1. Do any strands (runs of 3 or more DSSP E) lying entirely in the range 211-328 carry at least 1 residues that are not small (G, A, S) and not assigned by TED's automatic domain parsing to the domain that holds I69, and which ones are they?
2. Of the residues that make up the range 225-248, is at least one at pLDDT 95 or above and on the phi > 0 side of the Ramachandran plot?
3. Identify, from the list D76, D84, the residue that is out of contact with any helix residue (DSSP H, G or I) (no Cβ under 7 Å at 6 or more places or on another chain) and surrounded by 19 or more Cβ atoms within 10 Å (Cβ to Cβ).
4. I'd like the full set of residues that are more than 20 Å from F39 (Cβ to Cβ), in contact with a helix residue (DSSP H, G or I) (Cβ under 7 Å, 6 or more places away or on another chain) and surrounded by 15 or more Cβ atoms within 10 Å (Cβ to Cβ), limited to the range 98-135.
5. Suppose we filter Q179, Q199 for residues that are within 46 Å of the chain's Cα centre (by Cα) and farther than 13 Å from L270 by Cβ; which single one remains?
6. Is at least one residue of the range 66-78 touching a strand residue (DSSP E or B) at 6+ places or on another chain (Cβ under 6 Å), assigned by TED's automatic domain parsing to the domain that holds M101 and either under 22 Å from S114 (Cα atoms) or at pLDDT below 95 (or both)?
7. N206: over 16 Å from N275 (Cβ atoms) and surrounded by 17 or more Cβ atoms within 10 Å (Cβ to Cβ), yes or no?
8. Kindly evaluate S214 against the criterion of being over 46 Å from the mean Cα position of the chain (by Cα) and hydroxyl-bearing (S, T, Y).
Amino acid sequence: MKSFLKFLLGAALYLSLASLALAQEAVIATVNDHPVTGFDVDQRIKLMELIGEHDPAKLTRKVAANAVINDYVKIDEAKLFKLDPSPREVDDRLKSMAQNMKTDETGLKAKLTSAGLSLEALRVFATAQMSFARLLQAKYHEKVDVNSADVDKKFAQVKADIAGKVAKIESDPGRKAVQVLELQEINFPVEGADPQLLQSRALEANQVAQKLSSCSGVKAAAAGIFNVQIGKKIEADSRKLPLPLKAQLAQRGVGHAIGPMRYKGGIQLLAYCGNRMIAPPKLNVQYPTRDQIQNLAMNEKFAAVESKYVTQMRKNAVIEYKDQSYAQ
């Protein structure tokens, strides 16, 4: 029986792995003569994460699939105009990428392996980048650049956006200053529930309460009374204290105690040691540098140009979605 169960479990695991493999190998689209598989999509998502993409909206399978499709569109368009890079030129680009990551080819391969990436996925990406750059220059005669006014405008937008987010955070009710009360328990333990013993301890607690004028004088006020336990000072959020308790503390004032009160272990006083306002620290806002803003403006401008020309190139390509959920 056990052997049969092991067989069933093994078969289920095999079928699960087989299904996963089939899903990865399944062709979800074709671009001219290039098949795009589920594995290609997985690889592109990992590559996007590796190069610093963190926006969940850009890490979907549909976005990744169309990024791969666009790469093949660029590569084929460059081949059509004999502008495609040679394998050696792509190798040189990969070496340059490795140097930018402060490593060599071996280190680059190790990074890719640890990220679950194949070198081929990076080659396709690099080839497409080089192809599109050549198409921009030679076919479209387009030079992507930003001037000082563009950077100033982008800087103003970024600052306004950050200022708006900061103002929203600062206005959150959870960031308002809160009054905390510093309290201290003074316990008079009682073994059992003998009413006379409890009354006797309550009288002792009342004596201490009458003498108390500051939390620093608790020991002096309790001198000569057996087994008085002085607790550590605690800070309590005034918003969470019962209103009757807050009213009693306010009436007695700082340095005095309310009670005696019954608690599980005997009789208790609650000393009011002080209060203070606690406010969250001001947000430490760090604005990006001008160079970072310039790069951001350049990337946005390049993305707009890329979208414009890739849309044109896709019209000349034969793209067939086998899985319509990936279609644009």
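1. Those strands (runs of 3 or more DSSP E) span 229-237, 257-263, 266-278.
2. Yes, the range 225-248 contains a residue that is at pLDDT 95 or above and on the phi > 0 side of the Ramachandran plot.
3. On the way: D84 fails: out of contact with any helix residue (DSSP H, G or I) (no Cβ under 7 Å at 6 or more places or on another chain).
Exactly one residue qualifies, and that residue is D76.
4. A98, L108, M130, S131, F132, R134, L135
5. Values: Q199 fails: within 46 Å of the chain's Cα centre (by Cα).
That would be Q179, the only listed residue that is within 46 Å of the chain's Cα centre (by Cα) and farther than 13 Å from L270 by Cβ.
6. Yes: the range 66-78 contains one or more residues that are touching a strand residue (DSSP E or B) at 6+ places or on another chain (Cβ under 6 Å), assigned by TED's automatic domain parsing to the domain that holds M101 and either under 22 Å from S114 (Cα atoms) or at pLDDT below 95 (or both).
7. Answer is no for this residue.
8. Working: over 46 Å from the mean Cα position of the chain (by Cα): yes; hydroxyl-bearing (S, T, Y): yes.
Judged against the criteria, S214 is a match.
The values are calculated or read from the model by the stated rules, or taken from the named source; none is laboratory data. Keep in mind that what you see is a predicted model, and the values were worked out from it rather than measured. No Cβ is skipped: glycine too gets one built from the backbone with ideal geometry, and neighbour counts run over all protein chains shown.
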